[in-house]
Amino acid sequence: MGTVEERLGEMREAFRSGKTKCEKWRRSQLMALLALVREEEEGIFSALNRDLGKHRAEAFRDEVGVLIKSINFALSSLKQWMAPKSVKVPLVSFPSSATVVPEPLGVVLLFSSWNFPIGLALEPIIGAFSAGNVVALKPSELAPSSAEFLAEAIPRYLDGAAVKVFLGGPSVGSQLLEQRWDKILFTGSPRVGRVVMAAAAEHLTPVILELGGKCPAIVDSIGSSEQKVAAKRLVAGKWGPCCGQACVGIDYILVERQFASTLIDMLRRTVKSLYGDSRNLSRIVNRQHFMRLEGLLKDPSVSASVENRTDDLAGSPLDSEIMTEEVFGPLLPIITLEKIGDSIAFVRDRPKPLAIYVFSNDEALKKRVVAETSSGSVTFNDTMIQFAVDTLPFGGVGGSGFGRYHGKFSFDAFSHEKAVMRRQFLLDFPSGTLHGTRPSSGSSGTSSTSTTSAFCSS
Ligand code: NAD
C-alpha cells in the first residue's frame, strides 16, 4: 500500500512519464471506466443498497446511468476538447498566429461525499482523465461499502499508477491535505470546504468547492391541469434522489398563501402514490443524521406548525434550524408568501443556492428570477434534471461553492489553457510600430525601443 507520500510519489512519477498526455491513454482509461461501471453494475447496486438502502432503479437513474452517459459524451468529444484552439490576433502582432493549448494540471485530489458515493466519486475522474491528469480519490467514510467497492474495482480496471483510492475518514483527509496537489475538487459541506480551502492556500493549490445549501422551489399558482405534473416533479425532486439527501434537491417551497392549501394536498397525495411503499426510497445514511433530522422537527415552533398542518406551514419560523440549516433529508418546509413575486427578495436575502426551481407559466416572473437572483442553476417547471445535462456547467456560487464541472466544463476544470503565440522572423517592422506608437521622426524612441526589445525577447 505505502504511505501517502509514497503513493503520491508514484502518481507524480506516472504524470512525469508523459503517458497521460496521449489521447490514446486518455481514451483507454475512459473505456476502462465505462467497462467498470457496466460490468460491475451488480457490485455498485449492492454497495449502494448496503450504504443507503438505494433501490436498483434509483441507483441506475442517479449514478450508473448518469456515469455511462457522461463517459460516452467524453469519449465522443475528447478529440475536439484536446485540440488547440486558434484565436484571432491583433494587427499589431502581424504576422503571427496564436492558439490556446489545453494541458493537464498534474496530480489532482478528489473528495467525494456519501449521498451519491459512486457517481460523485467517478464523475470528476471522467473530467480529470479526459484532461490527462493523475487522480487521488478520497471517498466518504460514511458510505463504507461504496468506498471499499471503489478501492477494490478501480485498480482492476484503471491504470493503478494514475489513480489511487485513499480510504478513511477526516484524519486521512487531513493527511492528504498536507500534501501539495495541482488541483483539489471537494464535494461536501461548507464546514469542511473551509478546511480544504485553508489547506490548499498553503500550497497555492486551486480548488473547486461543490457544496450544498438550501435550494428553494418557487411554486406559482399554475392551472389545475399542470398541478398534477408539478406535484409529481416536486415530490420526485424532494424525496426521489437519496430520500432528500441531495445537494440539488428541493430544500423548501415558497408558495402564495391562497394556493398553499391546494398545493399541500396535491403533494400529500403524490407522496403517497409515488412513495407510499417506502421500499422504493433510500434510507437516512446513519443514526446521527437521523437524529439531526428528528431534531429539526423537535423545534417547538416547527412541531406546532406540523401538528396544525393544513395550509399554514408558514408557521415554520424563518429563524428555526430547519430554515437556517440545509435540511438534507425528507423534510419539506413550506413557506407562504402574500405574492409569489416576494419570493425573489426571500431568496436574495439568503445565501446563494446551488439550484432554484420555479414552477410557473408567468414569463415575467421567470425573467425576474434569472435576472434578479444568483444561484448555481435555475430550472423551470422541473427539478434536478439540469444535473444530467452535460452541456450545462454544474457548480455553485457564493455559499454553495465555486468552480464548475460536467461535460466540457470538467475537461476545462482540470486543464490549464496555455497561451501559445507564434511569430516569424520575416517582416521586422521598425521599432514601435508593433505597439501602434510609431515614434515621430527625429525622436530617439528610447521608450518604444525598450518596449519593443522586451516584447521581442519574450
Ligand atoms: P463532509 O464535508 O462531512 O465530508 C466530505 C468529505 O470530506 C468526506 O470525504 C470526509 O471524509 C472528508 N472530511 C471530513 N472532515 C474532514 C477534515 N476535517 N479534513 C479533511 N477531510 C475531511 O460532507 P458530507 O457529509 O459527506 O456531505 C454532505 C454535504 O455535501 C452537504 O452539505 C451536501 O449539500 C454537500 N454535497 C454537495 C454536492 C455538490 O455536488 N455540490 C454533492 C453532494 C453533497
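The values are calculated or read from the model by the stated rules, or taken from the named source; none is laboratory data. Remember, it's a predicted structure, so these values are computed and weren't measured experimentally. Here Cβ is always computed from backbone atoms with ideal geometry, including for glycine, and neighbour counts include all displayed protein chains. We work out accessible area using only protein heavy atoms, side chains counted, and drop any ligands, DNA or RNA first. Shrake-Rupley method; radii C 1.70, N 1.55, O 1.52, S 1.80 Å.
Roughly speaking, to the nearest percent, how much of the chain's 1.4 Å accessible area is carbon and sulfur?
With neighbouring chains kept in place, the figure for the chain is 57 percent.
With helices as the sole contributors, the chain gives -14000 deg cm²/dmol at 222 nm; each DSSP H run of n ≥ 4 counts as -39500 (n - 2.57), and the sum is divided by every residue. Using the average count of surrounding beta-carbon atoms within 10 Å as a protection proxy, the listed peptides 382-391, 408-417 rank, highest first, as 408-417, 382-391. Length available on full extension from Glu148 to Arg180: 0.36 nm per residue minus the Cα-Cα distance, which gives 9.0 nm. Annotation: per residue accessible area for the chain equals 46 Å², rounded to a whole number [probe 1.4 Å, protein chains only]. Given their separation in residues at 0.36 nm each and the Cα-Cα distance between them, Glu321 and Met197 gain 42.1 nm when the chain is fully extended. Accessible area of Lys69 (1.4 Å probe, protein heavy atoms only, ligands and nucleic acids ignored): about 70 Å². On the principal axes of its alpha carbon atoms, the chain extends 89, 57, 38 Å, with the longest extent given first.
Sorted on the mean count of surrounding Cβ atoms within 10 Å across their residues, most packed first, peptides 228-238, 186-196, 366-376 read 228-238, 186-196, 366-376. Dividing the Cα radius of gyration of segment 216-395 by 2.2 N^0.38 Å, with N the residue count, gives 0.98. Here the chain carries DSSP beta bridges of which approximately 35% are antiparallel, counting only pairs with both residues inside. For the residues Val378, Val358, a 1.4 Å probe over the protein chains yields an accessible-area ranking, largest first, of Val378, Val358.
Relative contact order of segment 216-395: 31 percent, from C-alpha pairs under 8 Å at least 6 residues apart in sequence.
If R0 is taken as 56 Å, the Cβ-Cβ distance between Phe425 and Val172 corresponds to a FRET efficiency of 0.50. Which helices, taking whole DSSP H runs in the chain, have alpha carbons extending 24 angstrom or more along the helix axis plus mean Kyte-Doolittle at least -0.5? Once both thresholds are applied, what remains is 65-82, 257-275.
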